[in-house]
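J.: Just passing along the structure, written as structure tokens.
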2 protein chains.
Amino acid sequence: MKLFDQARDMLAQAAETSGIDLSAASLVVGVSGGPDSLALLAVLGQLLTPEQLIVAHLDHGLRPESAAEALSVEAMAQGLRFHSERVDVAQVAQAAHLSLEEAARVARYDFLARVARREGAPVIVTGHHAGDQAETVLMHLLRGSGLAGLRGMRPAARLPGHPDLWLWRPLLSLGRAVLSAYCVEHDLRPLHDASNNDPAFFRNRLRHELLPALESYSPQIRQRLTHLAEIVAADEALLEDRTARAWDDIYLDGDAAHSALRLDEWRALPLGLRRRTLRRAIAALRPDLRDVGFRALEAARLVAERGATGAQAALPGGLALSVGYGRLLVASAAHDPAAGLPQLPTATARPLPVPGAVDLAGGWRITAERVTVDFAAIAGNRDPWTAYLAPEMAQLVVRGRMPGEHIRPLGLQGETKIKEVMIDRKLPAAARALWPVIATAAHPVWLPSLLLDERARVHPDDTDVIRLRCLPPDRT
Amino acid sequence: MKLFDQARDMLAQAAETSGIDLSAASLVVGVSGGPDSLALLAVLGQLLTPEQLIVAHLDHGLRPESAAEALSVEAMAQGLRFHSERVDVAQVAQAAHLSLEEAARVARYDFLARVARREGAPVIVTGHHAGDQAETVLMHLLRGSGLAGLRGMRPAARLPGHPDLWLWRPLLSLGRAVLSAYCVEHDLRPLHDASNNDPAFFRNRLRHELLPALESYSPQIRQRLTHLAEIVAADEALLEDRTARAWDDIYLDGDAAHSALRLDEWRALPLGLRRRTLRRAIAALRPDLRDVGFRALEAARLVAERGATGAQAALPGGLALSVGYGRLLVASAAHDPAAGLPQLPTATARPLPVPGAVDLAGGWRITAERVTVDFAAIAGNRDPWTAYLAPEMAQLVVRGRMPGEHIRPLGLQGETKIKEVMIDRKLPAAARALWPVIATAAHPVWLPSLLLDERARVHPDDTDVIRLRCLPPDRT
């Protein structure tokens, strides 16, 4: 009775995880008619009352005998409520550009969820077993996945897309052989589903070709994969908890179109949390995006870690990441890329008196003043939004860059185009034309957050110098 | 120059991780003469001075041409310090019961560590690349491993067994093809190692058979495995940090022979941390034990979670886990299993007056007193070290169990052998004979922490009752 005991324990655990009273709840049992679902139904029949059990069978319409099979399952479900439906999975697959397997999966869970809703049942139960779990883990490995994929299926989880329904898999730690033996022993007569041998299905190729090949390298490979799933499930729970706490610490604001994080605090997180919070920011905006590739995420992470204000990186799902003033922003790529950046109202030059100020768009400001600061403090300035100029740079204007205008980067030999500096520092194209340039009549002196001109350099014997600041709306 | 740039960045990162000054340190470079190590040596030659580089080549003595190859590598190392040694790896393998591959690995790192020590170099550098990494991850998957194995090789880590030496792998994110192309471009002439094609080596079968087979399921499998390693490395760092903090919270005491954890606090940890702290307790006593199997650990975990005081479970490496009084003990199986448990000095009966006390061995005590406690509190008692007896049970003794003695478990029908109760509750055999039995002249009434006898049951209308307590040394 190993199977019965284990299934009962797993069911009790699932009920506890879900906060559901096992003695009162209705359960929708997905029954294909194969050995797994028959054994499941038999075990549930011993543990629950007939009133609690609802049998659901989806006829995928993929094989001529499937309609007859639906009738057989109805007969097996005698004495229990029974729901059946026929779906043309091939048509669903074609219409939704899915593989047959994926379309069948989607149609099946959609059907089970509809039955659960119609019956007011909070739980769907399926007969997935350890063999299915090993295949699932292997599939995630092959397709590329972080840890979340390696944990495979879970014994109790909310049904994706239906947060009010639970999905339980009480046979998940039991092997296929144990289930078949149980059927023989209890005189259950499973249907034989010919599509389980069809090599057109990716899962069948794993089951019948790849896993046997892997067994020649590691005879215990199936157990190793299911054990890995168990280890990862618990470790992933720890990591999700840690990520949730980090998220609370760094989250600034957000809505359906953007998530903004505290830049400095994000940059101070350990690597694993920098990755996980980025994934979470993406998931907050695109909850249905299933695969966020490693390379795209890493490229964006590097921009987020090292990029200057305005730097941008593309993300999957039509999203973009951008570095703002103290903010790390994940937003729809259609989101105004110049939002949150200093922009001129027009490119026309306006004088910047010293002391004095010039207003930019959206509440940003450029301020100028004379200050007495020691040279070491100036040389040690790491704030890209503050610049110190030699005292003679008094006749200043604020304007847009000129076509083909050059600047002489402080501390370097020679000149470079302002446009190229902007491209190099990954300023979004839309933000470049109205990016403020502070200039004398003769040449530019400062591109806020980007570059100071060599000709404005403070010398060690300068006593009072000019301090420029570019201040965001909430600092003015 | 993608290879050069990446190798330089990884080297800088490795130096930072290790706290080593790259402009001054000596590096021992493991050079087989293959394309990986030649490209590595060429890159290092551009970044460091010849005085910093020490070339080390181990002749594994497995092929007739290996002696001539050692001379070729010496020629490649011209201008640099060079160390070479011949080891009969086949003999090492036989003597140490290792596979040829494992023996070669052990001999190689032992040699590199000796060279590093002789030269006063803090770092060993090897040419492992992304292809090696994919194979390593796959190998760990096949052999079964938790997350730590899936992170594969690390770009900078302490050399196992030599905590004062660092092992750097600056080419770890570069593909094999990039390295070969680099050799062609820079006119480097690698040696061809015929054993790289020998299917007797497990790694070669992975490289030439299994990985190509996996590519037919997932063309990007090598990259996926190396990406997985990168993800897992960062996640594992988070988990290790979390585990270290949990360990500090639950650690009671320990030495080379045992680690003791706070039982209740350990039981309150999330599953992932219960597993990880158990692994850590094992590693503290058996640092060289590489593979702690999942099943053995899970069986021990269940005993630790649910076992009564005295319950024991075997662990790998000749260790055992046991549940003590408020303690979870991991210790050598040779460790006295009765230590920390209540034991009689002899099995002879001694009277237990009410009120009064009887001393056990090692500072434990049994106390008896009359108390007025309401029946609900008695029925709700969850402390297995406290028992309430009906008031008429006044003539008590404390003694060892008698041969074949039976007890009537409270609340159950019928009798059971005391010996079987002890086996069932997993008391170590050595602790059973002297486990205290509190009894009247006619029958046993209490086995501390295990069982109360039906005949001693308190009735709802009893007013003052007898309270027995079994107290550990630090409570008396």
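J.: Within the stretch B:68-108, how many residues are in contact with a Gly (Cβ under 8 Å, 6 or more places away or on another chain) and part of a helix (DSSP H, G or I)?
T.: Within the stretch B:68-108, residues that are in contact with a Gly (Cβ under 8 Å, 6 or more places away or on another chain) and part of a helix (DSSP H, G or I) number 7.
J.: Looking only at the stretch B:199-238, which residues are among the acidic types (Asp, Glu) and loosely packed, with under 15 Cβ neighbours inside 10 Å?
T.: Across the stretch B:199-238, the qualifying residues are B:209, B:215.
J.: Now for a separate question. Could you check residue B:269 against (1) in contact with a helix residue (DSSP H, G or I) (Cβ under 8 Å, 6 or more places away or on another chain); (2) assigned to a helix (DSSP H, G or I); (3) more than 8 Å from every other protein chain (Cβ to nearest Cβ); (4) under 27 Å from residue A:241 (Cβ atoms) and say which number it fails?
T.: (2)
J.: Restricting to the stretch B:231-249, what's the tally of residues that are within 16 Å of residue B:137 (Cα to Cα) and either without any contact (Cβ under 8 Å) to a residue 60 or more places away in the chain or assigned to a loop (DSSP other than H, G, I, E, B) (or both)?
T.: The total comes to 2.
J.: Let me ask you something else. Just to be sure, is residue A:376 out of contact with any Ser or Thr (no Cβ under 6 Å at 6 or more places or on another chain), farther than 21 Å from residue A:292 by Cα, outside any strand (DSSP E or B) and modelled with pLDDT under 85?
T.: yes
J.: Here is a follow-up. Would you call residue A:137 β-branched (Val, Ile, Thr) and either more than 30 Å from residue A:8 (Cβ to Cβ) or within 14 Å of chain B (Cβ to nearest Cβ) (or both)?
T.: Answer is yes for this residue.
J.: Follow-up question, since we're still on this one. Please count how many residues of the stretch A:226-249 are at the interface with chain B (Cβ under 8 Å from one of its Cβ atoms) and among the hydrophobic types (A, V, I, L, M, F, W, C).
T.: 7
J.: Also, I was wondering about something else. Which ones in the stretch A:250-278 are basic (Lys, Arg) and either free of Cβ contacts under 8 Å to residues at least 12 places away in the same chain or buried (at least 16 other Cβ atoms within 10 Å of the Cβ) (or both)?
T.: A:274, A:275, A:276 - these are the residues of the stretch A:250-278 that are basic (Lys, Arg) and either free of Cβ contacts under 8 Å to residues at least 12 places away in the same chain or buried (at least 16 other Cβ atoms within 10 Å of the Cβ) (or both).
J.: Report, by residue number, each residue of the stretch A:49-69 that is modelled with pLDDT of 95 or more and among the aliphatic types (A, V, I, L, M).
T.: Across the stretch A:49-69, the qualifying residues are A:53, A:54, A:55, A:56.
J.: Is it the case that residue B:222 is farther than 30 Å from residue B:276 by Cβ and either in a helix (DSSP H, G or I) or modelled with pLDDT under 90 (or both)? Talk me through it step by step, then tell me what you get.
T.: Working: farther than 30 Å from residue B:276 by Cβ: no; either in a helix (DSSP H, G or I) or modelled with pLDDT under 90 (or both): yes.
Against the criterion (farther than 30 Å from residue B:276 by Cβ and either in a helix (DSSP H, G or I) or modelled with pLDDT under 90 (or both)), residue B:222 does not qualify.
J.: Kindly evaluate residue B:126 against the criterion of being crowded, with 21+ Cβ neighbours inside 10 Å and in contact with a strand residue (DSSP E or B) (Cβ under 8 Å, 6 or more places away or on another chain).
T.: yes
J.: Now for a different question. Six or more apart or on different chains, Cβ under 6 Å: which pairs go from a residue in the stretch A:63-80 that's under 19 Å from residue A:42 (Cβ atoms) to one that's at pLDDT 90 or above and in a helix (DSSP H, G or I)? Could you list them?
T.: Taking only residues 6 or more apart or on different chains, the pairs are A:79/A:50; A:80/A:50.
J.: Tally the residues that are hydrophobic (A, V, I, L, M, F, W, C), assigned to a loop (DSSP other than H, G, I, E, B) and surrounded by fewer than 16 Cβ atoms within 10 Å (Cβ to Cβ), restricting the search to the stretch B:1-60.
T.: Residues flagged as hydrophobic (A, V, I, L, M, F, W, C), assigned to a loop (DSSP other than H, G, I, E, B) and surrounded by fewer than 16 Cβ atoms within 10 Å (Cβ to Cβ) within the stretch B:1-60 amount to 2.
J.: May I pose another question? Anything in the stretch A:347-369 that is surrounded by fewer than 19 Cβ atoms within 10 Å (Cβ to Cβ), touching a helix residue (DSSP H, G or I) at 6+ places or on another chain (Cβ under 9 Å) and of a type outside the set (D, E, K, R)? List them, or say none.
T.: A:362, A:363
J.: Kindly establish whether residue B:194 is at the interface with another protein chain (Cβ under 7 Å from one of its Cβ atoms) and either at positive phi or not β-branched (Val, Ile, Thr) (or both). Explain how you work it out, then say what you get.
T.: Working: at the interface with another protein chain (Cβ under 7 Å from one of its Cβ atoms): no; either at positive phi or not β-branched (Val, Ile, Thr) (or both): yes.
So residue B:194 does not fit the description; no.
The values are calculated or read from the model by the stated rules, or taken from the named source; none is laboratory data. From a predicted model like this one, the values you see are computed outputs, not experimental measurements. So basically every Cβ, Gly included, is an ideal-geometry build from the backbone, and we count neighbours across all protein chains shown.
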